[in-house]
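Novice: Sharing a structure here in structure tokens format.
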Amino acid sequence: MNHRSAHSKNKRIKEIENKSKQLHQTREEILLLNDSISKISNKLSHQRDKEKDHRIHSGRVSTRTSTLSIDQEKRPSDRDYGVRPYSKMDMDVWRYDQLRGWFNVYSSEPPKYSLTPAQTGYMLKIE
């Protein structure tokens, strides 16, 4: 019986050693997989950034192209007329009365224009 218990004890020790080897191998596999996952994740992140940059760039180019195509339909004299492209803030100020009121509250009176057209030199005074 003593021999059997020693044999079962040795068998149990070998099983434990095998399990610890398997555990160690599994840990190493997990570390290797973590490295490969982080590499793939970085690669995908870089690819997403490139695609986003491309979308933004192509959007800007298409906006510019559409603006130019509209200008091509105009007369040459009107093409050079620099109409200010309004921002979203400008559009919102015109669309929403609350914003317009907020700007009006904090605005000041423009200075009085003291020169006459004749004094500026852009108009000739004929006497």
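The values are calculated or read from the model by the stated rules, or taken from the named source; none is laboratory data. Since the structure is predicted, the reported quantities are computational estimates derived from the model, not experimental observations. When we count neighbours, we look across all protein chains shown, and the Cβ atoms used for this are built from the backbone with ideal geometry, even at glycine. Accessible surface is based on the protein model in full, side chains and every heavy atom, while ligands, DNA and RNA are left aside. Shrake-Rupley method; radii C 1.70, N 1.55, O 1.52, S 1.80 Å.
Novice: Return the sequence-ordered ³J(HN,Hα) values of segment 8-15 in whole Hz as given by the Karplus equation 6.51 cos²θ - 1.76 cosθ + 1.60 applied to θ = phi - 60°, using x for Gly and Pro.
Specialist: So the J values, rounded to whole Hz, are 5, 5, 5, 4, 4, 5, 5, 4.
Novice: Using a Förster radius of 22 Å, what is the FRET efficiency between S87 and S66 based on their Cβ-Cβ separation? Nearest 0.05, please.
Specialist: Working: r = 18 Å, r/R0 = 0.81.
That pair, S87 with S66, gives E of 0.80.
Novice: Beta carbons within 10 angstrom, averaged per residue: use that to sort the peptides 5-15, 110-120, highest first. Show your work: numbers first, answer last.
Specialist: On the way: 5-15: 9.9, 110-120: 8.0.
Result, highest mean first: 5-15, 110-120.
Novice: To the nearest 10 square angstrom, what accessible area does I40 show with a 1.4 Å probe?
Specialist: 100
Novice: So which lysines can K52 reach, going by Cα to Cα under 17 Å and dropping same-chain residues fewer than 8 places off?
Specialist: Hits, sequence-local ones excluded: K43.
Novice: Another question, if that's okay. At I40 and T120, where each label point lies 7 Å from the Cα along Cα→Cβ, what is the point-to-point distance in nanometres?
Specialist: 6.9
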